[in-house]
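Chemist: A single structure is presented below for examination.
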Amino acid sequence: MLTAFGTKLFAFIVLSALFVQVPLAGAQAKRAASPKPAAQKCSGAWTGTIKYTRTQSMSDNKTVERVSNRGKDTRDWRMKYNYRASVAVLESPEKDGSNVGKATINHSFSSIENNHALEFNSCDRGKTFQSMTGDFIDKSETRAGASGVEASVSVGVSDDGTYTVSVGLPQIEGQLTGSQSSTYSGQCTPKEGKSTTLPPTPVRVDGNSITSDGTNRVDPKAPNKLSGSYTRTTGQIVETISWSLQRCGAPLRITDVKFEDMKFPDWNDWQDIVEQKGTIDGNLVKIKATVLNESGETKYADIKFKETYKGDKWDGARPDAQMGDESIGVRLDPGEEREVEMLWDTSGYAWFDDGRPKLLQRVKAELWESDKMTDSMTRNIKVAPKPLVLVHGLWSSWRAWESWQNILTTSHSYDWKAFPVGEKPEHGKMNTGGGFLSSDPTNSIGENAHELEKYIRYAQEDRNAWHVDIVAHSMGGLISRYYISQIMTNNSEDGRPRVSHLIMLGTPNLGSPCADVMNVAFESLGKNVEAVRQLRQDYVEGFNRVNTQRKGVKFSALAGNPLPTMCKSIVWNDGVVPVPSAKWTIADNAESSNIHTDLTGTADFSSFVKPRLAIGPKGNHNPEVPTNLGMRNADWGFVNAAYRPEPSSAATAISASDVDFAKQVKLAPNQSVEIEIPVSQAQNLGLTFMAISDVSATLFDATGSIVGKNLAKTPESNAFFRSMFVDRPTSAGTWKIKLENTSDREAEVVLATWKDALK
């Protein structure tokens, strides 16, 4: 074991050597500076800061089936290399216009390999087979750091105004650590795993060097300042040099301001924020100001970080606003460079407090000496809204949200990204019943919630976002609630839930009485439509007993109220979900005049969804205080139960005896049929049918009089459950319903009748 490990360790050290570059040869001899004007009192040396990074990430993930077809081997290997250096560029002691550099260097190199072996084998000569596994983990890591080491720096300005910047960094001391472990399970004879750890071993990490490509030009309007960057990519190795240099500047000044955020999902893995990309609302950001002391004496100063509105289209006249503490004190020895940082919570900074989009954040660092501001630097950063994960409902797909990216772009910018679950199925795809009226098998709510989990992680990794928002339609709200209650970890490392806000549009949080009726109808016709069964009131009541946790996620609910009756109930509803079911125990709720399938439209986005997501910095971004979700369903006027507006102890189940008549009809294109319906004596009568919106239905009583209509292409025809209610006593007899298919495609209709909705 040790011999094999030593071999891998040797290979790792060799691999580390691949990242070595020869230090900048003759850099001191090649130093050049632009000619010093005769009237200039300084030597003309460029001073300031040069940053250098060299990174590489590699991975290899593969699964190989064994020749025996009774097992497989899975390998997951990841390598990360990160070399960072900050170089204080100072004037050389000779005062001849040349430079010296003092570097702070941090280096890390890690390799992690996981191998999983699986074999189906027998311990009783083939009578029974069982899984036998072995897991093997190899880890190697090199870390090194140094501060104040000498670095070669050079700035060369040509006669045509172009210039180059070079840096060469020395070797530094580091430590190599490693470990190797193995575990086994399922073997006929138990096998004990082993673990070996390599104690810290001193190693030398070679330096790096780079020279910009010479395409940068001196700005004629600011000839004494140079700033820019250059990136060189070789294979998977990315090197970047950036600089902020000045000639004849103040001895104590700010040379750079930059931003860092953490790379999801690795907490404390800080990375530079690219200005064009920015960060995401809710991420923690480090604001770093680099301060340089060129003088020969110790200096004391204060750094203040401020939000500045100068140049803003709307608020340009507003005074600067303090960010964080009043000031951060710093002491700098002669020739010393230091970074001063502040941790900034970006929650709300994608928006102004009045809900307008905030496309750019301006952050200013001020340097104060003896109560006087002596230098400042302003940098811009984009803060984009949280990714919006969109969860579709019953008999639907990601295409229900197809217009939402345009809606988000119009409402903020293209940086507000929509992630409809299933748009990229390799990251997660829910199955809520396929097409309308499909009886194909569906996923359970829990199975769909695990697909949602994968899509949320995809959204976070794609946008580097530590938090997301969810908008869910119909059954999608139940799926989202299951994810939050059963799957989502309690809190992210910053104490806030991964999902900041769940907005539910027409979610049947207490089920749907029409799902009860139509499920009985489907069963009587010999069909099992799982998507409808999962919306039954007794099913959802059981769901509510288990899924009680919100974990700090803010809940909001929108209920559609355009229709006054639905299956066996007199209650305002959206054609699928009663208003009390959508609102449930959710304090933040509202009502819409739109039908169920239209709740995902622009109108309800503007009036309900956006105001709950476009929360500025002064808004409440803390987790929701835990509340009792309640576990009881409301009773809103069912047969054999007195009407009670308060929640009851259980939902009133609807059985086969409550459905008088059920029938399935297929209509050819443009076909019209009449169906006889047996009616018994009752206090009232209702009929519910399910069909595409191209189907018209007209209900006639025993005398031939029209007693109800639900016509094609009307708003109510878009409802899943289309009901007609006759609120008067009926006598035994035969009624008729006329069904008309106005389309040029075949249409399926499933209908059921019910009675005595009110006592």
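Rule-based calculations on the coordinates, nothing more; no lab input. Worth saying up front: this structure is predicted, and the values here are computed from it rather than measured. In this analysis, Cβ positions are derived from the backbone assuming ideal geometry, glycine residues included, and neighbour counts consider all displayed protein chains.
Chemist: What FRET efficiency do you get for Ala250 and Ser227 if R0 is 25 Å and r is their Cβ-Cβ distance, rounded to the nearest 0.05?
Modeler: 0.95
Chemist: Separate question: Evaluate the distance, in nm, between pseudo-label points positioned 7 Å from the Cα of Gln664 and of His116 along their respective Cα→Cβ axes.
Modeler: 4.1 nm
Chemist: Same structure, new question: Using only the Cα atoms, what convex hull volume per residue in Å³ does segment 385-613 have?
Modeler: So the per-residue hull volume is 110 Å³.
Chemist: For segment 297-303, take each phi angle, set θ = phi - 60°, evaluate the Karplus expression 6.51 cos²θ - 1.76 cosθ + 1.60, and give the result in whole Hz per residue in order, putting x for glycine and proline.
Modeler: Taking θ as phi minus 60°, the curve returns 9, 5, 10, 10, 8, 10, 10 Hz for segment 297-303.
Chemist: Something else now. Excluding Leu332 itself, what net charge comes from residues whose Cβ is under 14 Å from its Cβ, given Lys and Arg +1 and Asp and Glu -1?
Modeler: Overall, the nearby charge balance is -4.
Chemist: From the helices alone, meaning DSSP H stretches of at least four residues, give me the mean residue ellipticity at 222 nm for the chain, per-run term -39500 (n - 2.57), in deg cm²/dmol to the nearest 500.
Modeler: -3500 deg cm²/dmol
Chemist: Karplus couplings for segment 157-169 from phi (6.51 cos²θ - 1.76 cosθ + 1.60, θ = phi - 60°), rounded to Hz, Gly and Pro as x?
Modeler: Once θ is set to phi - 60°, the couplings for segment 157-169 become 10, 8, 5, 7, x, 7, 8, 10, 10, 10, 8, x, 10 Hz.
Chemist: Right, next: Net charge near Lys527: determine it from the other residues with C-beta under 14 Å of the C-beta of Lys527, scoring Lys and Arg +1 and Asp and Glu -1.
Modeler: Details: positive: Arg533, Lys663, Lys666; negative: Asp440, Glu523, Glu530, Glu748.
Computed value for this residue: -1.
Chemist: Separate question: Calculate the spin-label point distance for Glu461 paired with Thr128, positioning each point 7 Å from the Cα along the beta-carbon direction, and give it in nanometres.
Modeler: Distance between label points: 3.8 nm.
Chemist: Once R0 is set to 51 Å, what does the formula 1/(1 + (r/R0)^6) return for the Cβ-Cβ distance between Glu260 and Phe436, expressed as a FRET efficiency to the nearest 0.05?
Modeler: After rounding, the FRET efficiency stands at 0.55.
Chemist: To continue, here is another question. Taking other Cβ within 10 Å of each residue's Cβ, how do Tyr455, Tyr230, Tyr81 sort, fewest first?
Modeler: Working: Tyr455 26, Tyr230 18, Tyr81 21.
Sorted ascending by nearby Cβ count, the order is Tyr230, Tyr81, Tyr455.
Chemist: Then there's this: Which ³J(HN,Hα) values, rounded to whole Hz and listed in residue order, are derived for segment 269-285 from phi using the Karplus coefficients 6.51, -1.76 and 1.60 in 6.51 cos²θ - 1.76 cosθ + 1.60 with θ = phi - 60°, glycine and proline given as x?
Modeler: 8, 7, 9, 5, 8, 6, 4, 5, 8, x, 10, 10, 3, x, 6, 7, 10
Chemist: Could you sort the peptides 192-200, 360-368 by per-residue average Cβ neighbour count (10 Å cutoff), highest mean leading?
Modeler: Peptide ranking by packing, descending: 360-368, 192-200.
Chemist: Return, ordered by residue number, the residues of segment 548-567 whose backbone nitrogen is under 11 Å from a label point located 7 Å along Cα→Cβ of Asn620.
Modeler: Those under the cut-off are 554-555.
Chemist: What is the gain in length, in nm to one decimal, between Glu402 and Asp588 on full extension, counting 0.36 nm per residue of separation less the C-alpha to C-alpha distance?
Modeler: Length gained, Glu402 through Asp588: 64.3 nm.
Chemist: So which lysines can Lys127 reach, going by Cα to Cα under 25 Å and dropping same-chain residues fewer than 8 places off?
Modeler: Within reach: Lys72, Lys191.
Chemist: Please quote Rg/Rh for segment 523-619 to two decimal places, taking the Kirkwood radius as Rh and restricting both calculations to Cα atoms.
Modeler: Answer for segment 523-619: 1.03.
Chemist: Amide H of Ser347 versus every other amide H placed in the peptide plane: which residues, excluding those fewer than 5 positions away on the same chain, fall under 5 Å?
Modeler: Answer set, sorted by chain and number: Gly282.
Chemist: Beta carbons within 10 angstrom, averaged per residue: use that to sort the peptides 121-133, 475-487, highest first.
Modeler: Highest-to-lowest ranking by the protection proxy: 475-487, 121-133.
Chemist: May I pose another question? Determine, for each peptide in 55-66, 412-423, the mean count of other beta carbons within 10 angstrom over its residues, then list the peptides with the highest first. Present the calculation step by step, with values, prior to reporting the outcome.
Modeler: On the way: 55-66: 11.7, 412-423: 20.8.
Ranked by mean Cβ neighbours within 10 Å, highest first: 412-423, 55-66.
Chemist: First measure r as the distance between the Cβ atoms of Thr548 and Thr602, then evaluate 1/(1 + (r/R0)^6) with R0 = 51 Å and state the FRET efficiency to the nearest 0.05.
Modeler: It comes out at approximately 0.90.
Chemist: Once you've got the Cα coordinates, tell me which of Lys139/Lys286; Lys225/Lys306; Lys62/Lys139 are over 21 Å apart.
Modeler: Among Lys139/Lys286; Lys225/Lys306; Lys62/Lys139, the Cα-Cα distance tops 21 Å for Lys139/Lys286; Lys225/Lys306.
Chemist: Pick the calculated Cα extents along the principal axes in Å for this structure from [x] 113, 81, 48; [y] 163, 75, 63; [z] 106, 74, 56?
Modeler: [x]
Chemist: In terms of the Cα gyration tensor, with a ≥ b ≥ c the square roots of its eigenvalues, is segment 250-382 rounded because a/c is under 1.5, prolate because a/b exceeds b/c, or oblate? Write down the numbers at each step before the final one.
Modeler: On the way: a/c = 2.43, a/b = 1.46, b/c = 1.66.
Because a/c hits 1.5 or more and a/b fails to exceed b/c, segment 250-382 counts as oblate.
Chemist: What is the sum of charges, Lys and Arg at +1 and Asp and Glu at -1, for the other residues whose Cβ falls under 12 Å from the Cβ of Pro669?
Modeler: -2
Chemist: Go ahead and collect, in residue order, the members of segment 91-126 whose backbone nitrogen is under 12 Å from a label point 7 Å along the Cα-Cβ direction of Arg75.
Modeler: Label zone hits: 113-116.
Chemist: Taking each full run of DSSP H in the chain as one helix, which ones are at least 20 Å long along their axis (Cα atoms) and have mean Kyte-Doolittle hydropathy of at least 1.0?
Modeler: 2-17
Chemist: How many nm separate the modelled label positions at Ile675 and Ser731, each set 7 Å beyond the Cα in the direction of the Cβ?
Modeler: 2.6 nm
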